[in-house]
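So the structure is just underneath, and the comments pick up after that.
FYI, it's all coordinate maths here, none of it is from the lab. In this text, all values refer to a predicted model and were calculated from it rather than measured experimentally. Backbone-built Cβ (ideal geometry, glycine too); neighbour counts: all protein chains shown.
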Amino acid sequence: MRRVLLLWLLAWALSPACSHAQGLRFATDANAPLTATADKVIWQQAKARADLSGKAHITQGPLSMKADAMHLLMGPNGEAQTLVAQGQVVVLSNMGPTSKGGERRADADTALYDLQANTLLLSGNVRVSQSGDLQGGKVSGQSLKIDMQSGLAHILGTGSQNNAEPGRARIEFE
């Protein structure tokens, strides 16, 4: 019974219709230009990739991502397809006036952003928090996959010390 209640609370908290948390949707604009900066950028046109290192930072509309290093993989037509970020990854999304302002922040060890499918996979010490009028809860776990359009999220918990038991994800309401 307790597990059913916890699952119901988890589903309710992550529901896109939930007014206090509004799912885990991050404001995005797939049509906005992608801007990349770093201390060092290596563009490999023949391999259709760019490697960014040292304070790597990518923005696209209201969404930005920072990390120690990033690899941007391009498709045959030159459009960005996949972004891999490693080391102290921070994803920020300015939720703007339509959600009463505030900023959603996700921290992780690594990130894989599929720009074509509009999905974000965060791995390693994942934490999601909100500021401004969005305050009200925090999410943490070992990995988090978010459909950036719908806000549907799948959270996996951290493993136990002996890895004999599945890990636990955590949602904290304020």
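Shown for Asp39, Asp68: other C-beta atoms within 10 Å of each C-beta, ranked fewest to most, produce the order Asp39, Asp68.
Report the extension gain between His71 and Gln44 in nm, rounded to one decimal, defined as 0.36 nm multiplied by the number of residues separating them, less their alpha carbon distance.
Length gained between His71 and Gln44: 8.6 nm.
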